[in-house]
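Take a look at the structure set out below.
The values are calculated or read from the model by the stated rules, or taken from the named source; none is laboratory data. The structure displayed is predicted, hence computed values, not measured ones. All Cβ positions, even for glycine, are placed from backbone atoms using ideal geometry, and neighbour counts span all protein chains on display. Quick note on the areas: whole protein, heavy atoms, side chains included, nothing else; ligands and nucleic acids left out. Shrake-Rupley method; radii C 1.70, N 1.55, O 1.52, S 1.80 Å.
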Amino acid sequence: MRARKPRRLPVVLTKDEVRSILTEMSGTPKLVVSLLYGTGMRLLEGLRLRVKDIDFVTRVIVVRDGKGQKDRRTMLPMVLSDPMREHLEVVRVLHQRDLGEGYGEVWLPHALSRKYPNAAREWGWQYVFAAAGRSTDPRSGVVRRHHVEDSGIQKAVRSSVHRTGIAKPVGCHTFRHCFATHLLQDGYDIRTIQELLGHADLKTTMIYTHVLNQAGGRGVKSPLETL
């Protein structure tokens, strides 16, 4: 029998720590990390987001092909509506320029490019967090505009954490843990959080209740305080 991998509690920041890290960030990295914390998405789920998957009217984001190749829905935080709209206007200008120069294609999943030949140039299929420059697809040789590199976002997070002086090991995935734990602290039920995170098993989501218990999140007082 294989040895069981020990289960570790995730690192979770306080709301003040999240705020201080975001204050040290700017531009696209700040918008990406704000979205990760505000929606519970994984880093690549956020970077692979397409324009068509954001509904500003209902404030819903559809996460496509998440872990386990499952789709799910999460919220678009109201405070991010205007920043996201402004960001997409910049991306639209890039896309229009690409089209004018004979480019403008984006990679499509599941052979959709063969089924819908013109879809790759449509605005709705473009990446929300499009890269600043075009690149050549090594498999097909087609010049496209991909999404921004995940390494750039990770580097921006590390730099911001260093400037705040926070000693905890913080990465992009930490903000997903913070999303779930802070929702529990605010009184939302575990089933709702399970759906927002896209966990197939409730036991996976239950780990955040252990984080709350460890931090005294249930309001339990130590007997020392009653002496």
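Laid out as a table, the results:
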item: Search result, residues across the stretch 150-209 that are surrounded by 20 or more Cβ atoms within 10 Å (Cβ to Cβ) and more than 23 Å from R8 (Cα to Cα); result: I153, A156, S160
item: The stretch 108-119, subset outside any helix (DSSP H, G or I) and open to solvent by 90 Å² or more (accessible area, probe 1.4 Å), residue farthest from E89 (Cα to Cα); result: H110
item: P6, sole failed condition from (1) at pLDDT below 95; (2) more than 24 Å from P138 (Cβ to Cβ); (3) in contact with a Phe, Trp or Tyr (Cβ under 7 Å, 6 or more places away or on another chain); result: (3)
item: Conditions (1) in contact with an Asp or Glu (Cβ under 9 Å, 6 or more places away or on another chain); (2) surrounded by fewer than 16 Cβ atoms within 10 Å (Cβ to Cβ); (3) within 17 Å of V142 (Cα to Cα); number of the one not met by E105; result: (2)
item: Subset of the stretch 160-182 [at negative phi and free of Cβ contacts under 8 Å to residues at least 24 places away in the same chain]; result: H162, A167, G171
item: Every pair of residues 6+ apart whose Cβ atoms lie under 8 Å, when the first sits in the stretch 45-60 and is closer than 12 Å to M75 by Cβ while the second is among the aromatic types (F, W, Y) and outside any loop (DSSP other than H, G, I, E, B); result: none
item: Test: residue in the stretch 120-138 that is without any contact (Cβ under 8 Å) to a residue 40 or more places away in the chain, more than 30 Å from Q194 (Cα to Cα), open to solvent by less than 90 Å² (accessible area, probe 1.4 Å) and in a helix (DSSP H, G or I); result: yes
item: Residues within the stretch 24-43 that are in contact with a strand residue (DSSP E or B) (Cβ under 9 Å, 6 or more places away or on another chain) and of a type in the set (A, V, I, L, M, F, W, C), tallied; result: 2
item: Scope the stretch 8-58; condition open to solvent by 20 Å² or more (accessible area, probe 1.4 Å) and among the basic types (K, R); matching residues; result: R8, K15, R19, K30, R42, R48, K52
item: Residue within the stretch 152-160 that is touching a helix residue (DSSP H, G or I) at 6+ places or on another chain (Cβ under 8 Å) and farther than 30 Å from F175 by Cα present; result: no
item: Unique match (being out of contact with any helix residue (DSSP H, G or I) (no Cβ under 8 Å at 6 or more places or on another chain), at pLDDT below 95 and small (G, A, S)) among G104, G38, G68; result: G68
item: Looking only at the stretch 70-102, and only at residues there that are under 16 Å from the mean Cα position of the chain (by Cα) and of a type in the set (S, T, N, Q), the one that is surrounded by the fewest Cβ atoms within 10 Å (Cβ to Cβ); result: S81
item: Candidates L31, L88, L49, L22, filtered to the one that is out of contact with any Cys (no Cβ under 6 Å at 6 or more places or on another chain), at pLDDT 95 or above and within 23 Å of A200 (Cβ to Cβ); result: L49
